[in-house]
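Input: a single structure, listed below in structure tokens.
Derivation of every value follows stated rules applied to the coordinates shown; laboratory data play no part. Just so we're clear, the structure is a prediction, and the values are computed from it rather than from any experiment. Note that each Cβ is placed from the backbone with ideal geometry, even for glycine, and that neighbours are counted across all protein chains shown.
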Amino acid sequence: MDIRKILNNFEQNGFAVHSFDNREQLLDHLKASVPVSATAGFGGSSTLRELGIPETLKAMGVTTFDHWEPDLSPEDLLRYRLEQGRADWFFTSVNAATENGRLVLVDGVGNRVAAAVYGPGKVVYVFGTNKIRESVHAAFERVKTIAGPMRAKSLNMKTPCIKTGVCEDCDSPQRICRAKLIVDRAPFSTPSEVWLIDGNWGY
Ligand code: SF4
């Protein structure tokens, strides 16, 4: 995998790019980039939590909208998801990325894919090298064989992929895969960054 070439492809597609060898490097860059006066939202993402991005920003005193905080009331859950889409910074991971600089996201509620392409002051896509695939087709294969089943399992959903480990394009009422997004180029009007970190992060 030629990481330099992949990052160049993302740059060609309109993304500012940053790469990191480890978590410490990434968090140092985060702290140097986001002003304390900013607001920040987070898409549903195990990668962001594994890296400690929400916790780091909260500790800095940044105003955050994190709908994965425990014990939120239904009103706050709704408000946080809406505020994410208008935050100064919106952080999300992706389900897969391609070598030619595309991003693939699949969502259940829709707040993540909505905020990713319009609304926040800036969008930062954070993902590990484990999520890179050679094509959009292979990216969706990753969703079907890794990301979708693992996310459904983490939520203890009653979906067939929990048992088989593979997507069956289910009709379950608890299906978590409800909206697909392919970002071919950084959208007009939304400064977008790719933060690529070496290693296995999220699923
Ligand atoms: S569509 Fe259904 S079976 Fe496929 S990954 Fe999503 S929840 Fe699982």
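What residues have an amide H closer than 5 Å to that of Ala96, excluding those fewer than 5 places away on the same chain, when H is modeled at 1.01 Å from N in the peptide plane?
Amide H neighbours of Ala96: Val104.
Hey, which lysines would be in cross-link range of Lys144, C-alpha to C-alpha under 17 Å, not counting anything within fewer than 8 residues on its own chain?
Counting by Cα, and skipping residues close in sequence, Lys144 has these lysines nearby: Lys131, Lys153, Lys158, Lys163, Lys180.
Return the sequence-ordered ³J(HN,Hα) values of the range 108-118 in whole Hz as given by the Karplus equation 6.51 cos²θ - 1.76 cosθ + 1.60 applied to θ = phi - 60°, using x for Gly and Pro.
Each residue of the range 108-118 in turn: x, 7, x, 5, 5, 6, 5, 5, 5, 10, 6 Hz.
What is the dipole size for the range 50-203, taken about its Cα centre, with +1 at each Lys and Arg Cβ and -1 at each Asp and Glu Cβ, in debye to the nearest 20?
That gives a dipole near 380 debye.
Among Thr47, Asn22, Val94, whose Cα sits farthest toward the positive end of the charge dipole of the chain (+1 at Cβ of Lys/Arg, -1 at Cβ of Asp/Glu, about the Cα centre)?
About the Cα centre, the residue reaching furthest to the positive side is Val94.
Counting Lys and Arg as +1 and Asp and Glu as -1, each charge on the Cβ, what is the dipole of the range 1-72 about the Cα centre in debye, to the nearest 20?
With only Lys, Arg, Asp and Glu charged at Cβ, the dipole is about 180 debye.
For the range 52-58, take each phi angle, set θ = phi - 60°, evaluate the Karplus expression 6.51 cos²θ - 1.76 cosθ + 1.60, and give the result in whole Hz per residue in order, putting x for glycine and proline.
So the J values, rounded to whole Hz, are x, 5, x, 4, 5, 5, 4.
For the range 185-196, what does the Karplus curve 6.51 cos²θ - 1.76 cosθ + 1.60, with θ = phi - 60°, yield as ³J(HN,Hα) per residue in whole Hz, taken in order and with x for Gly and Pro?
9, 4, x, 3, 6, 10, x, 10, 10, 10, 10, 9
Under a 5 Å amide H to amide H cut-off, with H placed in plane at 1.01 Å, what residues pair with Gly108 once short-range neighbours are removed?
Under 5 Å from the amide H of Gly108 lie the amide H atoms of Arg178, each far enough along the sequence or on another chain.
Quick check on the exposure proxy: order Phe127, Phe188, Phe91, Phe20 from fewest to most C-beta atoms within 10 angstrom.
Phe188, Phe20, Phe127, Phe91
In whole Å, what is the distance between the alpha-carbon centres of the range 17-40 and the range 61-117?
17 Å
Ordered by packing density, taken as the mean number of other Cβ atoms within 10 Å over each peptide's residues, highest first, how do 71-82, 114-125, 33-44 rank?
Details: 71-82: 12.8, 114-125: 21.0, 33-44: 19.3.
The most tightly packed comes first, giving 114-125, 33-44, 71-82.
Quick one: Glu50, Glu134, fewest Cβ neighbours within 10 Å first, how do they rank?
Taking fewest neighbouring Cβ atoms as first place, the list is Glu134, Glu50.
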